[in-house]
1. Residue by residue, what Karplus-based ³J(HN,Hα) values in Hz, rounded to whole numbers, does the range 78-94 have, using 6.51, -1.76 and 1.60 with θ = phi - 60° and x for Gly and Pro?
2. Which residue fluctuates the most in the chain, going by a Gaussian network model with Cα springs under 10 Å, if the choices are Leu23, Leu11, Leu54?
3. Once the Cβ-Cβ distance between Leu24 and Thr61 is put in as r, and R0 is 25 Å, what FRET efficiency do you end up with, to the nearest 0.05?
4. In the chain, what cysteines have no partner Cβ closer than 4.7 Å?
5. Taking the chain on its own, what percent of its Cα-Cα pair distances exceed 18 Å?
6. Remind me, relative contact order of the chain in percent, using alpha carbon pairs under 8 angstrom and six or more residues apart?
7. Please work out the average accessible area per residue across the chain, using the 1.4 Å probe convention, and give it in Å².
8. Per the helix-only calculation at 222 nm, which mean residue ellipticity applies to the chain, given -39500 (n - 2.57) for every DSSP H run of n ≥ 4 and division by its residues, nearest 500 deg cm²/dmol?
Amino acid sequence: MKILKKTDLVLLISVLAAAAVFLLLWRYIQNRSGEEETQRYVVIEAAGEEIARLPLNENTTYAVEREGMRNVIVIEDGSVYMSEADCPNQNCVRQGRISEVGVPIVCLPHQVIVMIVTEQ
């Protein structure tokens, strides 16, 4: 069995690097073209009912106050997060920012769900 020469190894690494760059570029172009065709919104639900639908591309703050409970949702720079909540465990606040469709922020004690959806 023949061992790879130095030039063979350099050629192999170059081809793999070029393929990786091509793949990343292709995925970037796919994502960019999909963003232009669809508008993304932040949907806020409380107790199973949609209470707000806000564009993800507009920075804003929205407070959910119901039955003595409070959650503050912030939309900023294409992502959304829960900046404050008066629930005991604070899991919804600690979850941090989301910017992808299908990844929810959930405040279980207050029954508040925040998610990103697309519409064409």
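The values are calculated or read from the model by the stated rules, or taken from the named source; none is laboratory data. Note that the coordinates shown come from a computational prediction; the quantities given were computed from them, not determined experimentally. Methodologically, a virtual Cβ is constructed for each residue, glycine included, from the backbone with ideal geometry; neighbour enumeration extends over all protein chains shown. Each accessible area value is taken on the protein alone, full model and side chains, heavy atoms only, with ligands, DNA and RNA left out. Shrake-Rupley method; radii C 1.70, N 1.55, O 1.52, S 1.80 Å.
1. So the J values, rounded to whole Hz, are x, 9, 9, 8, 9, 7, 7, 7, 9, 7, x, 8, 6, 4, 5, 6, 6.
2. Leu11
3. Details: r = 35 Å, r/R0 = 1.38.
According to the calculation, E is roughly 0.10.
4. If one checks each Cβ against the other cysteines of the chain, Cys87 turn up with nothing under 4.7 Å.
5. Result: 61 percent of Cα pairs exceed 18 Å.
6. Details: 180 pairs, mean separation 26.5, N = 120.
Averaging sequence separation for qualifying contacts and normalising by length gives 22 percent for the chain.
7. Ligands and nucleic acids excluded, the result is 70 Å² per residue.
8. When only DSSP H runs of four or more count, the value is -10000 deg cm²/dmol.
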